[in-house]
Amino acid sequence: VPAGAASCRMRSSSKRLAKQAIDRALAEGVLLRSAQHPSSSDVVTYAPFTLFPSPVPSALLEQAYAVQMDFNILVDAVSQNPAFLEQTLSSTIKKDDYTARLFDIYKQVLKEGIAQTVFLGLNRSDYMFQCGADGSKALKQIEINTISASFGGLASRTPAVHRHVLNVLNKTKEASKILSNNPSKGLALGIAKAWELYGSANAVVLLIAQEKERNIFDQRAVENELLDRKIHVIRGRFEDVSERGSLDQNRRLFMDDQEVAVVYFRDGYMPSQYNSQNWEARLMLERSRAAKCPDIAIQLAGTKKVQQELSRVGLLEALLPGQPEAVARLRATFAGLYSLDMGEEGDQAIAEALAAPSHFVLKPQREGGGNNLYGEEMVQALEQLKDSEERASYILMEKIEPEPFRNCLLRPGSPAQVVQCISELGIFGVYVRQGTTLVMNKHVGHLLRTKAVEHADGGVAAGVAVLDNPYPV
Ligand code: ADP
Ligand code: MG
């Protein structure tokens, strides 16, 4: 496979191969709406992808799958632990308005009493493969996404594209090594279970969506799986919730006359997606009896500050008592994570990052790509933040250095690009809890995203990474 990638720039046969791959991607439904018309499906393009699958050590792929149920349990435990969330986020919410807003809603819901009885986590834990000096590879978590984890739909359609490419090259044995994958089906099964436990046959699933949504086909994959199970999905913006949503005296949620059993957020994960009306709508949804995916506690459990705190000695043991094996599996995936709270510990972390900037990443409490700071930018930010309490709204993280490899990136409107690349592996996890009983806990598939090494940050939606498949090695 790498040999094919290396020659991709030179030969016209490779250009032909790229065209075939693109047509297969379109035929399979590896689609995005166009950047010019993000509200309309009249004009679509293929989602960017690699011409070839990329090498992933099979042992690390297995490890990532094996630890996913532990991460689900960990998210569930954190989300049920108000003391831990309060303590962990206390310094951050003083200086980060967005996290403070989320936390306000959390407090209001706790104070009123939680009406929700069915809890649903749809997570994606992301990893890179740290390359040691001896060439060994280690699985290191980048972050866990507990809200709007995307590309589970499109990821089920890319294996056929890479098999096609390999079959064109008569590499049938290699083609058969491309794993089948169907995360959107697993996500839908989680939603379906929550819907069923909610227990109202006429209730629907409300998918909170943006009007301008290029990635609609990814969302539709989940919707389609639900409809196959006779569960109806309505799409609505926060604005629609404000205008048409209401709670009855039992805090059952209605859109017009339609009862809502499950709310699935594909919006609401960054500050720019909220105005005061949207915050009001979010509060109403959180107060409701409907199963939210995620509810505000699960969203907070996915913050980078929580991730950093979880790496502290003894924390996992305290949150998951009597589960030493799960703790060991989780801890093995943690990279170096450092608090920037005021005090000696934070001072020392800043000093170390300033002394060796290329080994660190500075992260604010944001999702969606493009927010982290690296290199010279990180140094400038640290110099500026150093003596201010604002620094507590960030965390520092060890920078993972994967071994680059060559692949060919295919993007609509640009010539095929053969470049040095690195990959990020995501594993989708689903859990459902009813009261205190965990009813479902599983991994449901994977996502490989690959980008040119020169890009420090950014996902597929940000136009940096492209869709890929693991080629197990
Ligand atoms: P977001 O919530 O914006 O997706 P991430 O923590 O996933 O934030 O970071 C965005 C991107 O930055 C990742 O997809 C990865 O490419 C890069 N990145 C993040 N953390 C690290 C790290 N510790 N080492 C190397 N690259 C990282
Ligand atoms: Mg990310």
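Kindly check whether there is at least one residue in the range 118-126 that is more than 22 Å from ALA452 (Cβ to Cβ), β-branched (Val, Ile, Thr) and away from ligand 1 (no atom under 16 Å from the Cβ).
Taking every residue of the range 118-126 in turn, at least one turns out to be more than 22 Å from ALA452 (Cβ to Cβ), β-branched (Val, Ile, Thr) and away from ligand 1 (no atom under 16 Å from the Cβ).
Table: residues versus (1) crowded, with 22+ Cβ neighbours inside 10 Å; (2) more than 16 Å from ligand 2 (Cβ to nearest atom).
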residue	(1), (2)
LEU410	yes, yes
ILE427	yes, no
VAL444	yes, yes
ALA461	no, no
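Which fully enclosed helices (runs of 4 or more DSSP H) of the range 177-261 have 1 or more residues being farther than 27 Å from ARG124 by Cβ?
Because the criterion is at least 1 residues that are farther than 27 Å from ARG124 by Cβ, the helices (runs of 4 or more DSSP H) in the range 177-261 that meet it are 238-244.
Are any residues in the range 199-218 more than 20 Å from the chain's Cα centre (by Cα) and closer than 19 Å to SER41 by Cβ, and if so, which ones?
Result: GLU211, single match.
Which numbered condition trips up GLN210, out of (1) within 27 Å of GLY459 (Cβ to Cβ); (2) in contact with a strand residue (DSSP E or B) (Cβ under 8 Å, 6 or more places away or on another chain)?
For GLN210, the failing item is (2).
This table checks each residue for (1) within 16 Å of ligand 2 (Cβ to nearest atom); (2) within 30 Å of ARG331 (Cα to Cα); (3) surrounded by fewer than 21 Cβ atoms within 10 Å (Cβ to Cβ).
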| site | (1), (2), (3) |
| --- | --- |
| ALA138 | no, yes, yes |
| PHE151 | yes, yes, no |
| LEU179 | no, yes, yes |
| GLU196 | no, no, yes |
| VAL222 | no, no, no |
| LEU226 | no, no, no |
| LYS230 | no, no, yes |
| ARG237 | no, no, yes |
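Pick from LEU438, LEU396: which is farther than 30 Å from GLY153 by Cβ and assigned to a strand (DSSP E or B)?
LEU396
So, in the range 153-171, how many residues would count as being of a type in the set (A, V, I, L, M, F, W, C) and surrounded by fewer than 23 Cβ atoms within 10 Å (Cβ to Cβ)?
4
Just the residues that are in a strand (DSSP E or B) and of a type in the set (Ser, Thr, Tyr), please, taken from the range 121-158.
Within the range 121-158, SER125, TYR127 meet the criteria.
Output the residue which, of all residues in the range 128-140 that are touching an Asp or Glu at 6+ places or on another chain (Cβ under 7 Å) and under 19 Å from GLY459 (Cα atoms), is farthest from ligand 1 (Cβ to nearest atom).
If we take residues in the range 128-140 being touching an Asp or Glu at 6+ places or on another chain (Cβ under 7 Å) and under 19 Å from GLY459 (Cα atoms), then GLN130 is farthest from ligand 1 (Cβ to nearest atom).
Among the residues of the range 354-371, write down those that are modelled with pLDDT of 95 or more, more than 23 Å from SER90 (Cβ to Cβ) and either away from ligand 2 (no atom under 14 Å from the Cβ) or part of a loop (DSSP other than H, G, I, E, B) (or both).
Of everything in the range 354-371, those that are modelled with pLDDT of 95 or more, more than 23 Å from SER90 (Cβ to Cβ) and either away from ligand 2 (no atom under 14 Å from the Cβ) or part of a loop (DSSP other than H, G, I, E, B) (or both) turn out to be LEU354, ALA355, ALA356, PRO357, SER358, HIS359, PHE360.
The values are calculated or read from the model by the stated rules, or taken from the named source; none is laboratory data. Model, not experiment: these values are computed from the prediction. Here Cβ is always computed from backbone atoms with ideal geometry, including for glycine, and neighbour counts include all displayed protein chains.
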